[in-house]
Amino acid sequence: MQFWSGTPFMKTSEILPLARMLDDAGYDGMVTADHLIYPRDLSSPYPDHPSGKPPWEPETAWPDCWVQIGAMAAVTSRLRFSNAVYVAPARPLLEVAKQVATAAVLSQGRVSLAVGVGWMREEYEMLGQDFTTRGRRLNEMIPALRALWGGGWVSWSGEYYQVPEMMIEPHPEVPVPIHCGGESEAALRRAAKLCDGWVGYAYGWDEAVSYADKITKLRHEYGRASEPFDVMLALMEPPSPDLYKRAQDAGITAVMCAPWMGADLPGDDVERYREPIERFAQEIIGKVR
């Protein structure tokens, strides 16, 4: 079982010292979250809230995923980095290929890419990308990225992307795992058919196991059941070694956790996170492993 921590809704200035703490304490990785902007006129419905409005304030900071990952990699030695999730089809294919490849090389292979289609039409329009074809383009982007990361003279010819023969350097020295986020049937099938893993959200026990089972069945359907595959999600259950051992038995390979969640952390210094991080590592991670 892998233990990852998230960075959304934290002060941007706290992220790097937090990464060092997690690295020292033996956690496996950190995930970044992705939004480019918050438009004053937001008409796109947020899918995970009954009001259709995002539960965060417009001034909430969303640091750029790849700048953040590069910075975190520079101050750590073993921690891995990914996304939950990166809205890749809102960006040009070559931009995504270049950013991820550079981060993979600078981190010495400690990067994976977790993609999703997103929900905010305004972001796509401001970036000059088609919102309506985002799912189909992501289906093509995943194999295209693998091809462009191959090194040497590379090219891609598809329905949505045309890349003439070229070199794009640096290229990853080892393959970058690509995971997919999202709960729709299309997203689950995309993960099972094209990706190396699936990234979910936060669930109670029964719902988490249900998603793990769905992914397993789809992988069987696509003839990929014997291939390595990650299932990452957060569990809305009281943490315990037994919980995570049962999750591992259910096919969940990684959990997102925030050891400081719900704790009374006095002051505003980043050091307030150290004690819950180290306690969780000793009482949970050490006993699960």
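Filter region 175-193 down to the residues that are open to solvent by 50 Å² or more (accessible area, probe 1.4 Å) and not in a loop (DSSP other than H, G, I, E, B) and list them by number. Once the filter is applied, which keeps residues that are open to solvent by 50 Å² or more (accessible area, probe 1.4 Å) and not in a loop (DSSP other than H, G, I, E, B), region 175-193 yields Glu185, Ala186, Arg189, Lys193. Against the condition open to solvent by less than 10 Å² (accessible area, probe 1.4 Å), β-branched (Val, Ile, Thr) and farther than 25 Å from His171 by Cβ, how does Ile37 come out, does it pass? Spelling it out, it is not the case that Ile37 is open to solvent by less than 10 Å² (accessible area, probe 1.4 Å), β-branched (Val, Ile, Thr) and farther than 25 Å from His171 by Cβ. The set of residues in region 223-253 that are touching a residue at least 40 places away in the same chain (Cβ under 8 Å), part of a loop (DSSP other than H, G, I, E, B) and more than 22 Å from Gly182 (Cβ to Cβ) comprises Pro239, Ser240.
Within the group Val231, Val270, Val288, which residue is on the phi < 0 side of the Ramachandran plot, touching a Ser or Thr at 6+ places or on another chain (Cβ under 7 Å) and not hydroxyl-bearing (Ser, Thr, Tyr)? Going through Val231, Val270, Val288 in turn, the sole match is Val231. Taking Arg274, is it surrounded by 13 or more Cβ atoms within 10 Å (Cβ to Cβ) and either in contact (Cβ under 8 Å) with a residue 12 or more places away in the chain or hydroxyl-bearing (Ser, Thr, Tyr) (or both)? Yes: the conditions hold for Arg274. State all residues of region 29-51 that are modelled with pLDDT under 95 and of a type outside the set (Asp, Glu); if no residue qualifies, say none. Scanning region 29-51 gives Pro47, His49, Pro50, Ser51. For region 2-59, a residue qualifies if it is among the charged types (D, E, K, R), part of a loop (DSSP other than H, G, I, E, B) and over 16 Å from the mean Cα position of the chain (by Cα), and the qualifying residues are Lys11, Arg40, Asp41, Asp48, Lys53, Glu57, Glu59. Scanning region 196-222 for residues that are touching a residue at least 60 places away in the same chain (Cβ under 8 Å) and part of a loop (DSSP other than H, G, I, E, B) returns a single hit, Asp196.
The values are calculated or read from the model by the stated rules, or taken from the named source; none is laboratory data. All values reported here derive from a predicted model rather than from experimental measurement. Methodologically, a virtual Cβ is constructed for each residue, glycine included, from the backbone with ideal geometry; neighbour enumeration extends over all protein chains shown. Side chains included, ligands, DNA and RNA excluded: accessible areas come from the protein's heavy atoms. Shrake-Rupley method; radii C 1.70, N 1.55, O 1.52, S 1.80 Å.
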